[in-house]
Amino acid sequence: MFNDWFISHPANLVWVSLCTIALYAVIVAAARFSGVRSFAEMSTFDIAVTVALGSLVASVVVSKNPPLLQGVVAVATLYALQLVVSQLRSRFSAVEALADNRPILLMGPGGEIKHANLRVARVTEDDLRAHMRRANISDPTRVRAMVMEGTGNINVLHGEHHDPSDAPWILQGVRDYTR
């Protein structure tokens, strides 16, 4: 029993190493082909591909089933799917709406907290304070807008010369932003 859990035949270890190297090479090649999008901040479909890749690599590397060739085809298919979805997102707003989370306004001009949006985004006032400190803001009235992006990142627009009403383009598509 001890051997089954802790010791493996040397030939199996060689095959695990070879499969790991092969899948690593395929993932690097596919990532290079698909561009930096595969390493960008995570949108919903990026997360799905990342989770699927992790599961796939784990399955192929430590098991004979699925075989390496099936794993390579699955990796290539996932990257191809990611490319197709990213192309469709750029061409069709309906696909973009399905694939991406919409940014949401957490704090408006003058530090007005949008409590309903905090609940939707599952963000606390402590989170807002932490992001204000990170942006070097000690006075909430200097905040022009605090937005949770579709990727989950929170960005803070602040300063005397950054009034969102002067440039509504930057907040276009942000939930609950009104000019």
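The values are calculated or read from the model by the stated rules, or taken from the named source; none is laboratory data. None of the values given here were measured: they were computed from a predicted structure. So basically every Cβ, Gly included, is an ideal-geometry build from the backbone, and we count neighbours across all protein chains shown. Quick note on the areas: whole protein, heavy atoms, side chains included, nothing else; ligands and nucleic acids left out. Shrake-Rupley method; radii C 1.70, N 1.55, O 1.52, S 1.80 Å.
Looking only at region 70-82, which residues are at pLDDT below 90 and open to solvent by 60 Å² or more (accessible area, probe 1.4 Å)? Within region 70-82, Leu81 is the sole residue that qualifies.
Residue by residue, here is whether (1) open to solvent by less than 60 Å² (accessible area, probe 1.4 Å); (2) within 30 Å of Val156 (Cβ to Cβ); (3) modelled with pLDDT of 90 or more holds:
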{"position": "Ala11", "(1), (2), (3)": "yes, no, no"}
{"position": "Val84", "(1), (2), (3)": "no, no, no"}
{"position": "Ser93", "(1), (2), (3)": "no, yes, no"}
{"position": "Ile104", "(1), (2), (3)": "yes, yes, yes"}
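Only residues that are surrounded by 13 or more Cβ atoms within 10 Å (Cβ to Cβ) and within 28 Å of Asp46 (Cα to Cα) were counted in region 133-151, giving 8.
Within region 13-34, the set of residues being open to solvent by 100 Å² or more (accessible area, probe 1.4 Å) and within 19 Å of Ser86 (Cβ to Cβ) comprises Arg32, Phe33.
For region 110-122, state whether one or more residues are open to solvent by 30 Å² or more (accessible area, probe 1.4 Å), closer than 30 Å to Leu53 by Cα and among the β-branched types (Val, Ile, Thr). If you could, list the steps in order and put the result at the bottom.
Within region 110-122, the first condition is being open to solvent by 30 Å² or more (accessible area, probe 1.4 Å), and the residues that meet it are 110, 112-116, 119-120, 122.
Restricting the remaining residues to those that are closer than 30 Å to Leu53 by Cα gives 120, 122.
After this cut, where a residue has to be among the β-branched types (Val, Ile, Thr) as well, the list is 120.
The answer is yes; a qualifying residue exists.
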